[in-house]
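K.L.:
Questions regarding the structure given below will be posed in turn.
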Amino acid sequence: MSGNTEKPSQTETETLLDRLHLQDKVQHKLSPADFLQIRPPVKQMDHVTSEKDLAHTFLHRLIMLDYRARYTSVRPDSTEVTTESDDTEIDYSDLEAFLKPTENTNEKEQTSVHPMDIQMAVFHCSDSFLKQMMITKLSQCQYALPLLVPDPVTKEIQFPLWTLREVTKTWKVTQCDSVTMKSVPVYKAETPLVSFFRLGSLSVSKSQLINTLINNRHDTFFHRNCPGSTKSRYLMDGVAEIAWYCPAGKPNDNFNDCIAFCNLHGDALLTEKQRDILIEKSSINIFLVASLQSNEESRSLISSLFKSHKPLICFTGDHSCDAVKTKNGIYIMGLKDKNLADVSEHLKKIIREALSSLDGSSLKPSFQLETMAELSGIRVDETDPACQRGKPAAMEIINLLKKDNMDVSQIKDEFLPRQGKLWHQWSKIHREMFKLRGGAEMEKIQKQQKLMNIRQKQCAASFSKLMDLFIGSLSSLPQTDREYFLKWCQIFVDALCTDDLSSIFQDYDKKWSEVLALKNKWDKSDLLLRKQTELEDISKKLQSATFGLEHIFREMGQIYEAHKTTQRESRHTDWSKYPELAAQLMISGHPMELMDGDAGHVPLTWISSLLEEVIKKLGDQRVFVLSVLGLQSSGKSTMLNTMFGLQFAVSAGRCTKGAFMQLLKVSEEMKKDLKFDYVLVVDTEGLRALEVEGNNTLHHDNELATLVVGLGNLTLINIFGENPSDMQDILQIVVQAFVRMKKVKLSPSCVFVHQNVTDVAAAEKNMDGKRRLQEKLDQMAKLAAKEEVFNAECFSDVIVFDIQKDVKYCAQLWEGSPPMAPPNPGYSESIQEVKNTILSKASESAEITLSQFKTNIQDLWTALLNVSFVFSFKNTLEIAVYRKLEVQYGDWTWTLRENMLSIENQLHYRIENGKLDEVESSYLIEETRQKYAEVTEAMTKYFEDQTEKEILAQWRGLFKIKIEEFRNEQVNRVKRKLDGVIQQKKDQKMMDDKKSEFENKLLQKSKELAHKLKDKAKDEKELQRQFNSVWSSWVTELTADTKRVEDINLEHDQFTILQELGFELSLIEECKRSGRYKKISEVGDYSEYINASEQKYLGTMIDAFQKYASVGAFSDKEQQQIRSLIIKAEKESLDIIKSKPLDTRGYTSTYLCEVANHVTEKVQKFLSERKYTLRKEFTVDLLLHVFYRAESWILESHNKFKMNNDTIIYLESKKTQYYTIFRSFCKGNSSAVVFGELICEKLKASTLEAVCNKTAIDLAGKMRCNFPAFNGNRLNLEKHMLKSLAEKEKFDDFIMYVTNPRSQTEAFIKAEVEKYIFKDHKDEAVNVLKTNIDDIKTRVSEALFTATKKVQTSKEGDTDMWLNEFSNVIKDELTFDNICSENFSDINNFEFLKEEIKKGFTSITEEMSSLSLDKLKDSRQKSDEILINQLCNCCWVTCPFCAAVCTNTMKDHSPDDHSAPFHQPRAVAGGRWRNTNEMCIDFCTTLVGSDLYFYLESSDRSVPYKNYRDGGPDCATWRITSDESKLAYWKWFVCHFKKELESHYKREFKGKGKIPDDWKTIKKGYAIKSLDEMSETN
């Protein structure tokens, strides 16, 4: 086309860049990072409102493969134009003025920016990587690409070879009726070059003419008739563009081979350098000349070309002659009055003829882009220093690969040995770990050893020169140089593979044709078989010939995993740095392999370390995970490339294998609307891939779909075309994946993208399509639900899904037939709409962090390896969130408990002081209202403010109920307790009245005696003698009509009760003498109790004896049931005893009789449901055990009753107090002094009690908050207890833990509390005690002040008033017994009384400051009991297989399953192999992943361990996930206590129960450490 003939001035270029807002990008270039971000959704992009948006809009549309990007126009917001009215009459007298030239007017108006100026401005302002991306996209849009580009400032000619390196062209060559496909990078393609030049100015568009040769329906070269074209352009003249015609192998192809067409823009007479280069390189030169007659310069140039041997075609604008061929292949044709279509047809014919004349000629020119770099006088972009620094290392690698002329299929075996056979073997064996047979634990250990051997072989494999070079360059090169290096590697490796893949494809096509031909010849069957085998070999070769950077990264991963597993150092490289290197690349936008598509395995160790390094560098960023699924070659990767500009491979020869992940940054302006910093895209290998053969295809597809659906916040499901079979295949796989997610409580969303739909705009057709899709989804949901044992009637039961919003239709990708068809603009628009839908859903979605994403990968993949995904899935993130919630729950309940303990204390003192005789529940609720409100507010805040609030939401209602239940439970507990105190107070009223009467009489007698002995006041011994002489007579006199409390004989009562139940005395005495009853709950084997003479199911006596002697009479299940009976009977019996009023009404043997009857009934009921009977010894031992456990409680309560109700004991306890009063009277002290001493004596005991109670509560609070074992959840307590057991190494304690975990836990808490208070933190405990003494002292001082002030200000103030006021003030803190004020009515100096009491009480508190902490053991409130109530109010259900205890902090946590991280070998609880005496060393976490089975109780019916939930109610409520039995703790225990276990259970570790040698190497320190590791992941 015609344009400015003068070179653009710098000023014009600057003005252009200024208009496009690119002036600052000349130095600071645009980069891919500026565009490959998640930006706000754009509206229709066919126009912009300002020129400043043109450049960015052009690039955005180009990245999205919208070829209309060139035609973006500027339309200001205001459309108002000032015009004359249409009705205005035209004054024809002004016609001459109207027709005058309007140059001046045009000069004033600024023309629109030329579309090609926008393209070239962006090109000049982009860095090398963005240029490369831009040119690749232009090529995909079937646009011409810049070949020679004058620098707008220096005028230097540039050849963008680097920019063109990624462009690949595919075509089909037709020769002798055979069609051969070629796919070649354009820089390597050897094709004829046809160059077009313009001399002078013509009316015919040269660019338009070229377009008719390439694609008549698409403007490959921009021309004057394109939308937006203007006469003014500044950056195009002198630019040479190139495009390729690629035939489709069809009869209507313009040419039967690929041809490059070059177009030199502007007048060729003015661009001599570019013109000469092209003339030299071209196969055919075509000139369009305005006139050969009038322009001497043009004539001279054409004449000189006549001498060349190359074909020359010359079009003249001033002639109308038809094409004339002259000598030496020179053609001349006139353009005047010619139709462009006719010219084009003639030109095609001439070009074909000219090229065919060169066939076979030694002079046949062949053009290759790469050779342009050898020309002098032009600058090649690859000479950029950074580009050059990256190239040599890549060249060294590619030269290494080419060195021995190896096939690509051999390169991986030679240079990447760890990812081939070894890695595939490792993956296969690792999968087998989850399908064990026989002795599961032994088989597992053998396989683990095989896995370790493979890892060691991987470590031992020679470190190839390829990896040495690659890692060295990655480590040493700066970031920009490293990017060039990787790009060079990718370019070279792609080129290497392209050659090999093309030849393999050709071999495959040829062999396939032979097979098809032979199939019709029945007598060629042997030959057919051979040819089919050869075809299969070529197919395998095709798979192995795929080679890319991902394979090198895969090798890095395998090197890392091998060394990490074996902890071996490498002489060649620091393998530990590999994840960091890969993380840098992932952050910079490179895709990283998540699942190895060849091995079908996720390298978890490598992926975890890689993501950890990403987190170190970026922080634990929030991400939105977008997964993509679809059938193979359904356009998934192309869609992602179009949507986000991602770098996933899209060629047919290099389909995505496995799964890849890539980070996409969210722009700052989008972060306001979204909750995350990155989008993490997971692209997958196509489902139903051809490369995945055999019966494993469906399993592989289900596995892949489940993995990516589980990982994704949103899954994009890509459906290509409208083939019902294809749709059914993908829907079946995807829906099953969603059903699995529903069952494991994951809630991803989905969007269906229906590609290649013929008529996207047809609403009726789309509605029908949606209806059919909905029907298919519902049908598939029912099928999948049935397979996964799940109730679903439609797809909406499985996932939140709106058929109207969540199904998108996309136009077909190509506008016409490839390879020359450009992308369909409708496709780009459709993908933009899909992208907007994704971002809309993303804005409403819960984000996850990178660390959570890493955890999700581990959880999902581990579950997928198991036979049953649903039952094997362990949501580590959810578990971690729940464990944190448990800690919070513990804090909330402790806050309520601590508050209630304080209220309980206050009310207890009020009751004791006679100030309260009834406690209402409503009062307790009101008292706790404020604290309860604080807790509920904190709970609400926690559920709403936590980053994991979406996960927490499922438990919000449950925990709200549990907190309310806990408050009500505490209210009821305290009410019951205080009601008991009130009842006790009522029961003791008569005794209390008597005590008051006794004390008044004693006071009076002491006063009278003192009056008689006043003169002997100074003789202390005489006073003591006189007092002692009369004391006994006083006590005898006062208690003459009272009965003493008798001592009890529990052993006598026990024997009597047992005899009354019908047991012989000799049997009772024998059982008592043996002492075995004390530990009956810990017995290892209860077979000795079986009643062999009355057996119901063991067959004959001989059989029974033989079975008993060899394997024991009871199964493991039966042993556990007997033990449970014992533990339950013990607990219920103790509850019965503790419910009796022993401390208020005393002991009676009927209590023991009630317990005995209860236990006997339980045993009888138990045996009635069994097929065996137990000897009498069992019932006697159980009863003696229950009596033994209740004995201490009975004796303690009876002693308390005796102290409170035996008047003689009570009075004797008051002797010292009354001697003090007597002595004081003797000394002549006033009533105030004696009264003060009496009050101090009363306060002393109650202060001691109050201080000890408050200290016990305070120390319990301190331990609850600060002591590591008590400040977490139930799992934390379990871990510390197990550590303690290991450190002490007491076998009996271990057995107690296994048989009765609650008892052992309580013992552990008691021991730790005692150690904390009386040893490790003694000083702290003393300080708490002193603080509480000071608090009581302050409170008493306040009471003294208040009482004294009231009496002094009252007209009727007396001793009685003072006492009432004093006791009222301290009623909530201290117990204060009544004192008869009659004996002290003469007191009138209450200020003196106050000071006397203050002085006396100070002396008491000072004495208490040195109080022994042992006093805490006798207090009403005890720290250990408080903590036991807090920490043991949890779940105690044990695993039905190994007896491990559930570690849920809530005792009733339904509907959540029971779970335990510390599962143990079955031998720990006495487990053995059926019908043998051999211990079972298998962990149930190993068994549930095996093919083994277990038998139901007393039945021959077996259940596979992998379906363990079918084993009955006990099994159905447990979640046991396969963890490869990593916990070393119990392995150490089994080895350490082997003999004790054999003796205890009367079984042996032999045969299938032989202890593995690996276990014997485990040290105690490592065993304890394993508890920490296990608890962190559970």
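K.L.:
Please calculate the 1.4 Å probe accessible area of S31, with all protein chains present, and give it to the nearest 10 Å².
P.N.:
30 Å²
K.L.:
Using a 1.4 angstrom probe on heavy atoms only, work out the carbon and sulfur share of the accessible area of the stretch 1329-1376 in %.
P.N.:
Using a 1.4 Å probe with all protein chains present, the stretch 1329-1376 comes out at 45 percent carbon and sulfur.
K.L.:
Same structure again: Diagonalise the Cα gyration tensor of the stretch 1130-1285 and give the resulting equivalent ellipsoid semi-axes, square root of 5 times each eigenvalue, largest first, whole Å. Please list the in-between numbers first.
P.N.:
Values: eigenvalues 445, 159, 21 Å².
After scaling each eigenvalue by five and taking roots: 47, 28, 10 Å.
K.L.:
Another question, if that's okay. For N225 and S308, compute 0.36 nm times the residue count separating them, minus their Cα-Cα distance, and round to one decimal in nm.
P.N.:
Details: separation 83, 0.36 × 83 = 29.88 nm, distance 3.41 nm.
Extending this stretch completely gives an extra 26.5 nm.
K.L.:
Given a Förster radius of 35 Å and the C-beta distance between T15 and D673 as r, what FRET efficiency does 1/(1 + (r/R0)^6) yield to the nearest 0.05?
P.N.:
On the way: r = 37 Å, r/R0 = 1.05.
Approximately 0.40, to the nearest 0.05.
K.L.:
Where Rh is the Kirkwood radius over the Cα pairs of the stretch 727-858, the temperature 20 °C and the viscosity 1.002 mPa s, what D in µm²/s does Stokes-Einstein return? List each step's numbers first, then the result.
P.N.:
Numbers: Rh = 16.7 Å.
Calculated translational D: 129 µm²/s.
K.L.:
Can you work out the Karplus-derived ³J(HN,Hα) for every residue in the stretch 259-268? Use 6.51 cos²θ - 1.76 cosθ + 1.60 with θ = phi - 60°, whole Hz, and x for glycine or proline.
P.N.:
Computed from phi, the couplings for the stretch 259-268 are 9, 8, 10, 10, 10, 8, 6, x, 7, 5 Hz.
K.L.:
Kindly state, to the nearest 0.05, the FRET efficiency for C321 paired with E272, given R0 = 25 Å and r defined as their beta-carbon distance.
P.N.:
On the way: r = 29 Å, r/R0 = 1.16.
The calculated FRET efficiency here is 0.30.
K.L.:
In addition: Label points 7 Å out from Cα along the Cβ direction at D1377 and N295: separation in nm?
P.N.:
For the pair D1377/N295, the computed spacing is 13.0 nm.
K.L.:
With each pseudo-label sitting 7 Å past Cα toward Cβ, what's the N252-N1364 distance in nm, one decimal?
P.N.:
Reported label-point gap for N252 and N1364 is 11.8 nm.
K.L.:
If you don't mind, another one. ³J(HN,Hα) across the stretch 233-247 via Karplus (A = 6.51, B = -1.76, C = 1.60, θ = phi - 60°), whole Hz, x for Gly/Pro?
P.N.:
After applying 6.51 cos²θ - 1.76 cosθ + 1.60, I find 8, 10, 10, 9, 4, x, 7, 9, 10, 10, 9, 10, 8, 10, x Hz.
K.L.:
Related question: Could you give the dipole magnitude of the stretch 1243-1290 about its Cα centre, charging the beta-carbon of Lys and Arg +1 and that of Asp and Glu -1, in debye to the nearest 20?
P.N.:
Using Cβ point charges on Lys, Arg, Asp and Glu, the stretch 1243-1290 gives about 40 debye.
K.L.:
May I ask you to derive the relative contact order of the stretch 797-876, considering only C-alpha pairs under 8 Å and at least 6 residues apart, and to give it as an integer percent?
P.N.:
16 percent
K.L.:
Still on this structure: Take the Cα pairs of the stretch 1119-1169, get the Kirkwood Rh, then feed it into Stokes-Einstein at 4 °C and 1.567 mPa s and tell me D in µm²/s. Before the final figure, lay out each step's value.
P.N.:
Details: Rh = 11.9 Å.
Using the Kirkwood radius from Cα pairs, D works out to 109 µm²/s.
K.L.:
In the stretch 1477-1578, carbon and sulfur make up what percent of the accessible area (probe 1.4 Å)?
P.N.:
Details: 2090 of 4490 Å².
Carbon and sulfur: 46 percent of the exposed surface of the stretch 1477-1578.
K.L.:
Could you list the GluC sites (Glu not before Pro) in the stretch 1273-1375 that lie in coil according to DSSP, counting only those with at most 13 other Cβ atoms within 10 Å of their Cβ?
P.N.:
Details: sites: E1278, E1287, E1289, E1306, E1312, E1314, E1324, E1342, E1356, E1365, E1373; in loops: E1289, E1356, E1373.
In loop regions of the stretch 1273-1375 (DSSP not H, G, I, E or B), the sparsely surrounded GluC sites (Glu not before Pro) are E1289, E1356.
K.L.:
Need the C-alpha centroid separation for the stretch 844-922 versus the stretch 1442-1463, integer Å.
P.N.:
Distance between centres, Cα-based: 13 Å.
K.L.:
What GluC sites (Glu not before Pro) does the stretch 849-957 have in DSSP loop regions with at most 10 other beta carbons within 10 Å?
P.N.:
Filter output for the stretch 849-957: E918, E920.
K.L.:
Moving to a separate point now. To the nearest 10 degrees, how steep is helix 1301-1315 against the longest Cα principal axis of the chain, on a 0 to 90 scale?
P.N.:
80 degrees
K.L.:
Check which residues have an amide H placed less than 5 Å from I330's amide H, if you skip close sequence neighbours.
P.N.:
Here L312 satisfy the definition.
K.L.:
Can I ask one more? To test your reading of the geometry: what angle, between 0 and 90 degrees and rounded to tens, separates the Cα axis of helix 1116-1138 from the longest principal axis of the chain?
P.N.:
50 degrees
K.L.:
Looking at the stretch 163-286 only, what percent of DSSP beta bridges run antiparallel? Nearest 5 please. Write down the numbers at each step before the final one.
P.N.:
Values: 14 of 23 bridges.
Here the share of antiparallel DSSP bridges comes out near 60 percent.
K.L.:
May I pose another question? Go ahead and run the numbers for FRET between N405 and E1287, Cβ-Cβ distance against an R0 of 60 Å, rounding to 0.05.
P.N.:
Details: r = 66 Å, r/R0 = 1.10.
It comes out at approximately 0.35.
K.L.:
Please give the helix 1050-1060 orientation as an angle from the longest Cα principal axis of the chain, in degrees from 0 to 90, rounded to the nearest 10.
P.N.:
Relative to the chain, helix 1050-1060 is tipped by roughly 80 degrees.
K.L.:
How large are Rg and Dmax for the chain when only the alpha carbon atoms are used, in Å?
P.N.:
Answer for the chain, Rg first and Dmax second: 47.2, 164 Å.
K.L.:
Taking the DSSP beta bridges in the chain as the whole, what percent of them are antiparallel, to the nearest 5? Don't jump to the answer; show the numbers that get you there.
P.N.:
Working: 44 of 99 bridges.
In the chain, approximately 45 percent of DSSP beta bridges are antiparallel ones.
K.L.:
State to the nearest 20 debye the size of the charge dipole of the chain about its Cα centre, where the only charges are +1 on K and R beta carbons and -1 on D and E beta carbons.
P.N.:
Here the size comes out at about 4140 debye.
K.L.:
Measure off 7 Å from each Cα along the Cα-to-Cβ vector at D1558 and R530, then give the distance between these two points in nanometres to one decimal.
P.N.:
5.0 nm
K.L.:
Continuing with this model, one more query. Counting Lys and Arg as +1 and Asp and Glu as -1, each charge on the Cβ, what is the dipole of the stretch 1345-1490 about the Cα centre in debye, to the nearest 20? Don't skip to the answer; put the middle values down first.
P.N.:
Details: 15 positive and 23 negative charges, 164 e Å.
With Lys and Arg at +1 and Asp and Glu at -1, about 780 debye.
K.L.:
Which residue, L1182, N1157, N216, has the largest displacement toward the positive end of the dipole of the chain when charges sit on each Cβ (Lys, Arg +1; Asp, Glu -1)?
P.N.:
Projecting each Cα onto the dipole axis, the largest value belongs to L1182.
K.L.:
For the stretch 124-203, state which trypsin sites (Lys or Arg not before Pro) are in a DSSP loop and have at most 15 other beta carbons lying within 10 Å of their beta carbon. If you can, show how the numbers build up before the last one.
P.N.:
Values: sites: K131, K137, K155, R165, K169, K172, K182, K188, R198; in loops: K155, R165, K188.
Filter output for the stretch 124-203: K155, K188.
K.L.:
With viscosity set to 1.002 mPa s and temperature to 20 °C, compute the Stokes-Einstein D of the stretch 131-195, Rh being the Kirkwood radius across alpha carbon pairs; µm²/s, no decimals. Walk me through the numbers on the way to the answer.
P.N.:
Details: Rh = 13.7 Å.
Approximately 157 µm²/s, per Stokes-Einstein.
K.L.:
Follow-up. Taking 1 over the mean of 1/r across every pair of different Cα atoms in the stretch 1290-1337, what Kirkwood radius in Å do you get?
P.N.:
Numbers: mean 1/r = 0.0793 Å⁻¹.
So the Kirkwood estimate lands at 12.6 Å.
K.L.:
Considering only C-alpha atoms, what is the centroid distance from the stretch 325-400 to the stretch 1277-1318, in Å?
P.N.:
86 Å
K.L.:
Farthest toward the dipole's positive end in the chain, which of C387, A1269, Q1024, given Cβ charges of +1 (Lys, Arg) and -1 (Asp, Glu) about the Cα centre?
P.N.:
Q1024
K.L.:
Right, another one. Students sometimes get this wrong: rank L375, L714 by accessible area, probe 1.4 Å, all chains present, largest first. Intermediate results must be reported in sequence, preceding the final value.
P.N.:
Values: L375 30, L714 0 Å².
Highest to lowest solvent-accessible surface, that is L375, L714.
K.L.:
Output the pairs from K1131/K1546; K743/K1171; K782/K949; K770/K835 with a Cα-Cα distance over 30 Å in this structure; if there are none, say none. Mind dumping the intermediate values first?
P.N.:
On the way: K1131/K1546 27 Å; K743/K1171 39 Å; K782/K949 32 Å; K770/K835 20 Å.
Where the Cα-Cα span goes over 30 Å, the pairs concerned are K743/K1171; K782/K949.
K.L.:
Can you tell me the relative contact order of the chain? Whole percent, Cα pairs under 8 Å, sequence separation 6 or more. Kindly include the intermediate steps, with their values, before the conclusion.
P.N.:
Values: 2286 pairs, mean separation 118.2, N = 1578.
Relative CO of the chain lands at 7 percent.
K.L.:
For the stretch 291-299, what does the Karplus curve 6.51 cos²θ - 1.76 cosθ + 1.60, with θ = phi - 60°, yield as ³J(HN,Hα) per residue in whole Hz, taken in order and with x for Gly and Pro?
P.N.:
After applying 6.51 cos²θ - 1.76 cosθ + 1.60, I find 6, 7, 7, 8, 10, 5, 5, 5, 4 Hz.
K.L.:
What accessible surface, in Å², does a 1.4 Å probe find on C1380, ignoring ligands, DNA and RNA and rounding to the nearest 10?
P.N.:
Approximately 30 Å² for this residue.
K.L.:
Could you quote the convex hull projected area for the stretch 300-391, Cα atoms only and averaged over all directions, in nm²?
P.N.:
Values: hull surface 37.4 nm².
Over all viewing directions, the stretch 300-391 projects a mean Cα-hull area of 9.3 nm².
K.L.:
Let me ask another. Please compute the per residue accessible area over the chain with all protein chains in place, 1.4 Å probe, rounded to a whole number of Å².
P.N.:
The answer is 44 Å² per residue.
K.L.:
Further question on the same structure: I'd like to know how the stretch 1343-1472 sits against the 2.2 N^0.38 Å rule of thumb: what's its Cα Rg over that expected value? Numbers along the way, then the final one.
P.N.:
Details: Rg = 28.2 Å, N = 130, 2.2 N^0.38 = 14.0 Å.
Against the compact-globule rule of thumb, the ratio is 2.02.
K.L.:
So what is the orientation-averaged projected area of the stretch 1508-1566, using the convex hull of its C-alpha atoms, in nm²?
P.N.:
On the way: hull surface 23.1 nm².
Hull-based average projected area comes out at 5.8 nm².
K.L.:
Counting only protein heavy atoms, what percent of the accessible surface of the stretch 306-356 is carbon or sulfur at a 1.4 Å probe?
P.N.:
On the way: 1420 of 2720 Å².
That share works out to 52 percent.
K.L.:
Set Lys and Arg Cβ to +1 and Asp and Glu Cβ to -1, take the dipole of the chain about its Cα centre, and tell me which of Y1086, M1361, L202 lies farthest positive.
P.N.:
Y1086
The values are calculated or read from the model by the stated rules, or taken from the named source; none is laboratory data. Only a predicted model underlies this, so the values are computations on that prediction, with no experimental measurement involved. Reconstructed Cβ throughout: ideal geometry from the backbone, glycine too, with neighbour counts over all protein chains shown. These area figures cover heavy atoms from the full protein model, side chains too; ligands, DNA and RNA do not enter into them. Shrake-Rupley method; radii C 1.70, N 1.55, O 1.52, S 1.80 Å.
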